[in-house]
Each structure stands twice: as structure tokens, then as C-alpha cells.
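These notes are about the structure you will find just below.
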Amino acid sequence: MEASEKPQLELDDATVRLVADRLVIERLEIVDERAARVVRERAEIGQAPAETVTKAVEIGARVLDSEETAVNVDYVRAEFERHAGALRRDLSKTLEDGDEQLAERIATSFDPGRDGSVPKEIEDRVKHALAEQREALLKLFSADEGANPLFDFKVAMVRVYRELGSRQQTEGEANRKRIEELTKQIIELKERDNADRRVADEAERGTAKGRTFEELVHAVLEGLAAGNGDAAHHTGDATSESGGKKGDTVVEIGGAVGRTLANVVFESKNKKLSKNDAWAELNACMTERDSVYGVLVVAGDDKIPSGLEDFTEYQGNKIIVTLDRDDPDPLALQLVYRYVRARVLSAGASDRQLDAAAVGAAAEAAIAHLKRANRVRKSLTNVTKSADTARSEFDDMVADVERSLDSIEALLSDAERD
């Protein structure tokens, strides 16, 4: 019944029947080497020939159907390209015309020199907006009430600057007074320093109060000269034959009892000279006072010229000795006076029978003993000063202990009362 209702296709002796989605093929012979080889190879590996033939028919049907579909697609593509080409040409022409119009409209709208153009309108609107913002900001920051965000800051800054100005004015007035006071003190100190310098200069020139050390030295020399038959003259203010005033005291050896045998000049200095200045000073004194020997008397060990020593004979006719101005011990000056007197007398005794070698040896021994005696004297002075210092420190320590004990006793008394 089903076979009679479906169409049947006959090809030679074979019959192909279509039944729903199936094909029924009877007595069909296919002459194809490749198909026969494939069916044979599949049969050898265990696959049924009917299954292989069925798959070959299915695959072939799909290929045929695909080829027909591809033909239809190619046709559609060709028709589309034909119509799309015409559409493209029409659209290109339309776009070109529209581009020209659009470019013209854009150029017209964005022309900055034309009123009503976009840039002109933007510029006007920006200017207007900026002017409005500027006015709003000026109104906001110029307001004197709480609407101004800087109102509190402005008030605070005004107050700070007023206080700062007032404080600076007060400090300036105080500084002015302080500067005036300091200026006055500086002037006073300067005047005092100038006065001290003037006094020192006067002392060096042998005038007014500055003649104290010079007069002190002369007084000692005058006493020594009187005890040895010599004559001491204070020449600090006297002008020499050459017109100078060098040399403070001139001692005439033997001048008090007879003929003057030689002159010895003494120069008193209350300041420290350099080595060259010391020799220049003594040479000038000896020249102006016609003296054969020069003695430099300085007011303390700190006034000895640098590089030189006291109680040391230099150049055969010069020597330095110290006389402490605050504690004038004349012993050193007395020894130097006797040494210089002996040296001068021995030098002038060439016309008498005198053992020059013995005198020279005695002079060297004397100067050596002078140096040793001076060292001992300085040591004793230092020991005395050290002892005084130690005693003072000891007294201070005892006083500190007594104060500490007094404090302890006071604390104990307070504790007992409590």
C-alpha cells in the first residue's frame, strides 16, 4: 500500500523508490573503481558493505546539495554586487554634493570674522560668563560680612598686623633706648681707653703721673750711686747735647768724689719692646748720653723683650734687669749695678797693673751667679704665690665644709622640732 502511494523512479533494470526520508534501491549496479575499492577495504576491516554504500550515498547527497547552494549564493552575490555598484555610484555622487554643501555650511558657521558664527558666539558667551564671574567674585570678596569667605581671615590679618606694628614700635623704642645707652657706654669706654692711653703715653714720655716707674728706678739708682761714690742724674726731661731726650738716668762713675771715669745710662720701660726696638733704644741712649754701657730696666718679667733674657750681657755693653713695679725689690738692680760698675772700671784700668784674665773670669763668674740667683728668686716668688693660692683655696674649702655642716645641723634641728 505504501509503495503504491509514493513515486517510484526506474533507471534501466534498477528501481529507486522514495519512502518518506528513505531511499530503496533495487538491482542497482555502480561502476566506479574508487567506490568499489572503498567498499572492499571497509569490508576487509569488518564494516558491512551496505553500511559503506549507505554512507557514500549520504555524503554524495550532501555534496550535491551544497554545490547547488553554492551556485545560488554565487548568483545572489553577483546580483548584489551589480545592484550595490549602482547604489555606490549614486551614493558617492550624493555624498560629494553633500560634502560640498556641508563644507560650505561649516566654513560659514565657523568663520571667526563673521557675526553670528560659532567661534564668535563662543567668544561672546565666554566673555560674558567671565565678566559675570568676575563681578560675582568681586562682590563676594569685597563684602564686609560673613558672606565673604575671607572675611575672618582679613579681620585676623588686620588684627595681627596691627599688633605686630604696635609690638615693633614698642620694641623699636626699647631698642632705641638700649642703643643710646650702649652708645653712651661705648663713648665712655672709648674716652676711658683714650685717657688710659694718654696716661700710658705720658708715662712713657716721663710726664705727669706716668713718671712713677721712671722715678722709682731713679730713686733706687740714686741710693746705689751715693753708696759707691757715683753721681746719678735724672735726665728723662733733660735734653742732651745732640737735642734728644733718650735715657732716663745717667750715672757718672766716680763723679761724686772726683773725676768722672765713665757714664752708664739706664732706660726705664713699663712696656714690652721687641728685640730690635730694645737695641735701638739702648744704642740711642748711649749715643745721646755719651755712655759706655746701657742698662734696660723693665717693670716685670712679662716686659722682657722677646728672645732676650735678663741678667745676660749682650754685645759686651748692654744688659737687661727687672724691677717689679708692684713689689719693688731692689736686690736684682743692685747686683746688676755693681756688675756694670765693675765692668766699666776694669775696662778703663788699662793704665794700671791689672790681671785682665782674672777680671774676665770673675766677671763671667759674677754673671753666672747673677743668673742662678735670679732663677732662685723667681722660684721663691712662684713658691710664695703658690702657697698663697693654696692657702686661699684651703680657706675656701674649710668655709664650704662649715656651710655644709651648718646646713646639716639646721635640717636636723628642723626634724627634731617636727
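Selection of first residues in the stretch 13-37 that are at negative phi and open to solvent by less than 60 Å² (accessible area, probe 1.4 Å) and of second residues that are in a loop (DSSP other than H, G, I, E, B) and not small (Gly, Ala, Ser), restricted to Cβ pairs under 6 Å at least 6 apart or on distinct chains, gives the following pairs, ordered by first then second residue: Ala14/Arg27; Ala14/Leu28; Val19/Lys6. What residue, of Gly307, Gly247, Gly236, is out of contact with any Leu (no Cβ under 6 Å at 6 or more places or on another chain) and more than 13 Å from Val217 (Cβ to Cβ)? From the options Gly307, Gly247, Gly236, the qualifying one is Gly307. Output yes when any residue across the stretch 53-62 is acidic (Asp, Glu), open to solvent by 80 Å² or more (accessible area, probe 1.4 Å) and either at pLDDT 75 or above or not in a helix (DSSP H, G or I) (or both), and no when none is. Yes. Quick check: is even one residue across the stretch 283-301 under 24 Å from Asp327 (Cα atoms), in contact (Cβ under 8 Å) with a residue 60 or more places away in the chain, of a type outside the set (Ser, Thr, Tyr) and in a loop (DSSP other than H, G, I, E, B)? Within the stretch 283-301 (the criterion being under 24 Å from Asp327 (Cα atoms), in contact (Cβ under 8 Å) with a residue 60 or more places away in the chain, of a type outside the set (Ser, Thr, Tyr) and in a loop (DSSP other than H, G, I, E, B)), the answer is yes, since at least one residue qualifies.
Among the residues of the stretch 300-321, the ones that are under 26 Å from Thr239 (Cα atoms) and open to solvent by less than 10 Å² (accessible area, probe 1.4 Å) come to 4 in all. Reported count of residues in the stretch 323-337, each being within 19 Å of Arg375 (Cβ to Cβ) and open to solvent by 10 Å² or more (accessible area, probe 1.4 Å), is 7. For the stretch 272-299, the set of residues classified as under 25 Å from Glu241 (Cβ atoms), among the small types (Gly, Ala, Ser) and open to solvent by less than 20 Å² (accessible area, probe 1.4 Å) consists of Ala278, Ser291, Gly294, listed by residue number.
The values are calculated or read from the model by the stated rules, or taken from the named source; none is laboratory data. Quantities reported herein were computed from a predicted structural model and do not represent experimental measurements. Heads up, the Cβs are rebuilt from the backbone with ideal geometry, glycines too, and the neighbour counts pull from every protein chain shown. To get the accessible areas, we keep the full protein, side chains included, count just its heavy atoms, and leave off ligands, DNA and RNA. Shrake-Rupley method; radii C 1.70, N 1.55, O 1.52, S 1.80 Å.
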